[in-house]
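Asks: First the structure, then my questions, so here it is.
The values are calculated or read from the model by the stated rules, or taken from the named source; none is laboratory data. For clarity, every value in this text was computed on a predicted model and none was experimentally measured. Quick reminder, even Gly has a Cβ in these numbers, built from the backbone with ideal geometry, and neighbours come from all protein chains shown.
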Amino acid sequence: MTRTALGVDIGSANIKAATAEGVKRQPSLIALEQQQNRRGERSLRVIAWGEEARKRGVPLRTVREGCAADVKLLALLLSSAAKEATGRRTAQAIDLYCALPGLLPELRRQAFRQAARLAGFHSFRTVDASLAGALGAGLGPNGSKARMLVDIGFETTRCAVIANGGVLFECMEPFGSSEADRAIQSCFREEHGALIGSRVAEVIKQQLRRSSFLVDARSAENGLPVSIRAKASHLRRAAEAGSMRLARFVSDALRALSPDLLSDVSESGVALIGGGARLLGLPELLSRELGLPVTAAKNAETAAADGLREYLFGEARGRKAAFPFFETDSGSPRNSGMRREKIQ
């Protein structure tokens, strides 16, 4: 049976699937319904996933803080995403490449492996998410100058220093772009006495270039529906305040570098990837706070998946020697660039 390679970058907000044709992005959500067979046995059936699951109104999140929230639900999500991305009827002929942080504890890695086994994939390989993100962002494996990469997810943020095709330094914290969402929610509550949901806050965060927003909210005083006209300038300041934790995190990471690495990073700058990198004015804010050049990758949200696609199907496939830590049998979390596991 001919096998198909599939790369996935699974985040708390979105799952990105990389095939030879491109990268497809969908929310990491799934909707289920209970069904009963003729013998009276009950089971759960997937009725929708991704954006369609969100429309159903009762979606379940499969990933929280970059880790599997529920292994069985994650298996259902992986199976649904893989079959749609590859056109295969089952996952049995698919080799799954999963981008995971090098610092992710082995126990949490095993949750992803178990989900892949339950989904029925032929094999499962873990790829260093920082290297995949660097490749996808166009940083390349051959530069001798160290470059800092900051991956801002929805609930996790990772900072890595990369040079010569490897990760020299990495740190990770359980916070992300959701900090800006909460800051926007607090702005509505404090300035307008109104409550908005996290989904509305996320939409506002993505459209901060507008001059104002007319939002259907709930009164914090009596709980009744209310329409609020909010100035975007106030919301931008709130989102910026919510991003200060990120500035402190990157600043602490810079202090932890050796003088030589810090010198390289000061010259080459900081690259932002992840969905949180799209926040309006974030590169300028970080550059001002850190005193370094900061840029957001054009494909920030899909950088890791784009890196997987380049490695699996692009020119990099013919020069794997340039990626020494992409393929290694080392079992240590730090140097586990890629490990192949045959699923029993």
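Asks: From L292, L262, L280, grab the single residue that is among the hydrophobic types (A, V, I, L, M, F, W, C), part of a helix (DSSP H, G or I) and farther than 30 Å from C98 by Cβ.
Replies: That would be L262, the only listed residue that is among the hydrophobic types (A, V, I, L, M, F, W, C), part of a helix (DSSP H, G or I) and farther than 30 Å from C98 by Cβ.
Asks: Taking interchain pairs and intrachain pairs at least six residues apart, which have beta carbon atoms under 8 angstrom, with the first residue in region 144-157 and touching a residue at least 24 places away in the same chain (Cβ under 8 Å) and more than 14 Å from A129 (Cβ to Cβ) and the second of a type in the set (D, E, K, R) and part of a loop (DSSP other than H, G, I, E, B)?
Replies: Within 8 Å, the pairs are E155/E65.
Asks: While we're here: Can you spot a residue in region 168-190 that is more than 29 Å from D9 (Cβ to Cβ) and hydrophobic (A, V, I, L, M, F, W, C)?
Replies: yes
Asks: From the list A230, A220, which residue is more than 30 Å from I10 (Cβ to Cβ), surrounded by fewer than 17 Cβ atoms within 10 Å (Cβ to Cβ) and small (G, A, S)?
Replies: So the residue among A230, A220 that is more than 30 Å from I10 (Cβ to Cβ), surrounded by fewer than 17 Cβ atoms within 10 Å (Cβ to Cβ) and small (G, A, S) is A220.
Asks: Inspect region 10-28 for any residue being out of contact with any Pro (no Cβ under 6 Å at 6 or more places or on another chain), part of a helix (DSSP H, G or I), of a type outside the set (A, V, I, L, M, F, W, C) and at pLDDT 90 or above and give the result as yes or no.
Replies: no
Asks: Identify the residue in region 29-63 that is part of a loop (DSSP other than H, G, I, E, B) and in contact with a helix residue (DSSP H, G or I) (Cβ under 6 Å, 6 or more places away or on another chain) and, among all such residues, is surrounded by the fewest Cβ atoms within 10 Å (Cβ to Cβ).
Replies: Here the answer is P59.
Asks: With the requirement that a residue be in a strand (DSSP E or B) and surrounded by 16 or more Cβ atoms within 10 Å (Cβ to Cβ), what does region 196-217 give you?
Replies: Hits for region 196-217 are F213, V215, A217.
Asks: Let me ask you something else. Quick one: is A271 at pLDDT below 90 and in the same structural domain as E155 (by TED's automatic domain parsing)?
Replies: No, not satisfied.
Asks: Out of everything in region 62-107 that is out of contact with any His (no Cβ under 7 Å at 6 or more places or on another chain) and acidic (D, E), what residue ends up being farthest from E155 (Cα to Cα)?
Replies: E84
Asks: Now a separate question. With the condition kept exactly as written, say whether any residue in region 91-102 is closer than 19 Å to I15 by Cβ and not in a strand (DSSP E or B).
Replies: Within region 91-102, one or more residues are closer than 19 Å to I15 by Cβ and not in a strand (DSSP E or B).
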